[in-house]
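Below: the structure, in structure tokens.
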Amino acid sequence: MVVDDHPMWREGVARDLTEAGHEVVATAGKGRQAVRVAPAARPDVVVLDLQLPDVSGVEVIRGLRAALPEVRVLMLSASGEQQDVLDAVKAGATGYLVKSAAPAEFLEAVRRTAAGEPVFTPGLAGLVLGEYRRLAAGPPAPDRESAGTPRLTERETEVLRLVAKGMSYKQIAERLAISHRTVQNHVQNTLGKLHLHNRVELTRYAIERGLDD
């Protein structure tokens, strides 16, 4: 689903996605309309503008995630401001791309977002990692401390480190000389052990523990 208040931009993005083989199930020009349409359209990925005429993109993310917990949101915004990026990620966006990105970069970002991989315009990933390091420097959450540290295998920890560095499954598979499917299995096993739901949460967990160094 494509959500943007500029008709030409919205239609252009939808056309590029369709030509690349994606099915565009809905488009919307306002945030409340997007939240209202999404449950019936059931998109896997929402390409969402940050600045909308009725409500902010951050509010739309929260509404979309409440209606469709598994939906993945790629912010496509003219703004690369630090607070805008952090607010979007904290609200549940999987990725954040500025509108100056090349078409090929945008389509690759959509593909990675659909796979549950965090994706950011170059330069923004470091900003987000830095913020999570700052947050992690505070006192640990009581529930995590009491739960103890789950036991991960050496290979699972190795994969987790590479996930935290922002590498794709394909890149991890090539680095470790294992199959793409094996990487997916390690990630799924790790998610289960840590009681996490997706790769974004897994990345946050790894950063909190300094595994991205």
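The values are calculated or read from the model by the stated rules, or taken from the named source; none is laboratory data. Note that this is a predicted model, so its numbers are computed, not measured. When we count neighbours, we look across all protein chains shown, and the Cβ atoms used for this are built from the backbone with ideal geometry, even at glycine. Ligands, DNA and RNA are stripped out before the accessible areas are found, and what is left, the full protein with its side chains, is counted by its heavy atoms. Shrake-Rupley method; radii C 1.70, N 1.55, O 1.52, S 1.80 Å.
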- Note on the structure: Within region 54-87, residues being at pLDDT below 90, part of a strand (DSSP E or B) and open to solvent by 20 Å² or more (accessible area, probe 1.4 Å) number 0
- Task: Kindly provide the set of residues from region 36-53 that are open to solvent by 50 Å² or more (accessible area, probe 1.4 Å) and more than 15 Å from Thr94 (Cα to Cα), ordered by number.
- Result: Arg36, Pro39, Ala40, Arg42, Gln51, Pro53
- Task: Please verify whether region 13-28 includes one or more residues that are over 21 Å from the mean Cα position of the chain (by Cα), in contact (Cβ under 8 Å) with a residue 24 or more places away in the chain and more than 22 Å from Leu86 (Cα to Cα).
- Result: no
- So which residues in region 29-51 are part of a loop (DSSP other than H, G, I, E, B) and more than 20 Å from the chain's Cα centre (by Cα)? Gly29, Lys30
- Note on the structure: Cβ pairs under 7 Å, 6+ apart or interchain, first in region 177-191 and within 10 Å of Glu156 (Cβ to Cβ), second open to solvent by 50 Å² or more (accessible area, probe 1.4 Å) and among the basic types (Lys, Arg), ordered by first then second residue, are His186/Arg155
- Item | Selection from region 1-24 of residues that are more than 11 Å from Leu107 (Cα to Cα) and open to solvent by 50 Å² or more (accessible area, probe 1.4 Å) | Asp5, His6, Pro7, Met8, Trp9, Glu11, Arg15, Glu23
- Just one of the numbered conditions (1) modelled with pLDDT of 80 or more; (2) under 30 Å from Ala104 (Cα atoms) is not true of Gly130; which one? (1)
- Task: Select from region 88-120 the residues that are of a type in the set (S, T, N, Q) and open to solvent by less than 20 Å² (accessible area, probe 1.4 Å) and list them in ascending order.
- Result: Thr94, Thr113
- Taking the options Asp5, Asp49, name whichever one is among the charged types (D, E, K, R) and touching a helix residue (DSSP H, G or I) at 6+ places or on another chain (Cβ under 8 Å). Asp49
